[in-house]
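Enquirer: My questions will all concern the structure given below.
The values are calculated or read from the model by the stated rules, or taken from the named source; none is laboratory data. These numbers come from a predicted model, not from an experiment. Note that we place each Cβ from the backbone using ideal geometry, even for glycine, and neighbour counts take in every protein chain shown.
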Amino acid sequence: MSTSHLPESVTLDLWAPLTSQALPDHWPALLDGWMRGNQILLSGLDAIETGASEHELDSASASQIERVEAKLNLTLHLIGSLLAQQQPMATPRTVRFSAHGAEWLAHEQYARGTQLLLSIGLSEQVPQPLILPAEVVHIEASAAGGWLITVLFQHLSEAVANGLGRSVFRRHRRAIQARHSGQR
């Protein structure tokens, strides 16, 4: 993907499972459940991605926390494997992702203003996807075939919007650190 039509902010280019479908007519009755699930997922990912290594701890505490984290990571991996067998994730694709919206190359063409429900997986460790209502704000034919779809997230709770912002910023910072450490 080249030029972005997302609002100016921190963006990530992810390889992630993503599906989109029309926002169901009865979405207002489902919104609170989606936001609660998203909030739990984002809080859990924050705990997993931040880990004890980013906090000041004495060596004995750090050692104990590392052991507990290793056990939790194994548990999450096993549960994730079981869930994936029961309900496989969507096929991964390149997604430009920000706290405000997403862009991806799709085979489906949507009209500007179409209300969608996105399902996007942010972590292989946690196969549960985020469920995000969104509105198509830009669409253009792609030279590679298909359509470049740009959406802005809609109806997010404050906690989910803040969690998305933290997650995107943390991942962006780590990508920059990785690039800088690779140049040395």
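Enquirer: Does Arg170 satisfy the criteria of being among the charged types (D, E, K, R) and over 19 Å from Pro7 (Cα atoms)?
Expert: No, not satisfied.
Enquirer: Continuing with this model, one more query. Among the residues of the stretch 100-119, which ones are of a type in the set (A, V, I, L, M, F, W, C) and more than 17 Å from Asn162 (Cα to Cα)?
Expert: Correct list: Trp104, Leu105, Ala106, Ala111, Leu116, Leu117, Leu118.
Enquirer: Leu152 versus (1) surrounded by fewer than 16 Cβ atoms within 10 Å (Cβ to Cβ); (2) modelled with pLDDT of 95 or more; (3) closer than 13 Å to Phe97 by Cα: which is the lone unmet condition?
Expert: Of (1) surrounded by fewer than 16 Cβ atoms within 10 Å (Cβ to Cβ); (2) modelled with pLDDT of 95 or more; (3) closer than 13 Å to Phe97 by Cα, only one is false for Leu152: (1).
Enquirer: Which condition does Asp13 not pass, out of (1) part of a helix (DSSP H, G or I); (2) modelled with pLDDT of 85 or more, if it passes all the others?
Expert: (1)
Enquirer: Just checking, which of Glu135, Glu103 is out of contact with any Pro (no Cβ under 8 Å at 6 or more places or on another chain), more than 20 Å from Trp15 (Cα to Cα) and modelled with pLDDT of 95 or more?
Expert: Exactly one of Glu135, Glu103 is out of contact with any Pro (no Cβ under 8 Å at 6 or more places or on another chain), more than 20 Å from Trp15 (Cα to Cα) and modelled with pLDDT of 95 or more, namely Glu135.
Enquirer: What are the pairs, 6+ residues apart or on separate chains, where a residue within the stretch 156-184 that is closer than 12 Å to Gln39 by Cα has its Cβ under 9 Å from a residue that is at pLDDT 95 or above and of a type in the set (Asp, Glu)?
Expert: Ser157/Asp32
Enquirer: Please find, among Leu74, Leu41, Leu116, the residue that is out of contact with any helix residue (DSSP H, G or I) (no Cβ under 7 Å at 6 or more places or on another chain) and modelled with pLDDT of 95 or more.
Expert: Step by step, each of Leu74, Leu41, Leu116 is checked, and only Leu116 is out of contact with any helix residue (DSSP H, G or I) (no Cβ under 7 Å at 6 or more places or on another chain) and modelled with pLDDT of 95 or more.
Enquirer: For the stretch 141-155, which positions are in contact (Cβ under 8 Å) with a residue 12 or more places away in the chain, in a strand (DSSP E or B) and of a type outside the set (S, T, N, Q)?
Expert: Trp147, Leu148, Ile149, Val151, Leu152, Phe153
Enquirer: A further question follows. Of everything in the stretch 13-29, what is among the hydrophobic types (A, V, I, L, M, F, W, C) and either touching a helix residue (DSSP H, G or I) at 6+ places or on another chain (Cβ under 6 Å) or within 17 Å of Ile120 (Cα to Cα) (or both)? Give them in sequence order.
Expert: Answer for the stretch 13-29, where residues must be among the hydrophobic types (A, V, I, L, M, F, W, C) and either touching a helix residue (DSSP H, G or I) at 6+ places or on another chain (Cβ under 6 Å) or within 17 Å of Ile120 (Cα to Cα) (or both): Leu14, Trp15, Ala16, Leu18, Ala22, Leu23.
Enquirer: For the stretch 121-148, what are the residues that are out of contact with any Phe, Trp or Tyr (no Cβ under 7 Å at 6 or more places or on another chain) and within 24 Å of Gly37 (Cβ to Cβ)?
Expert: Listed by number, the residues that qualify are Gly121, Leu122, Ser123, Glu124, Gln125, Val126, Pro127, Gln128, Pro129, Leu130, Glu135.
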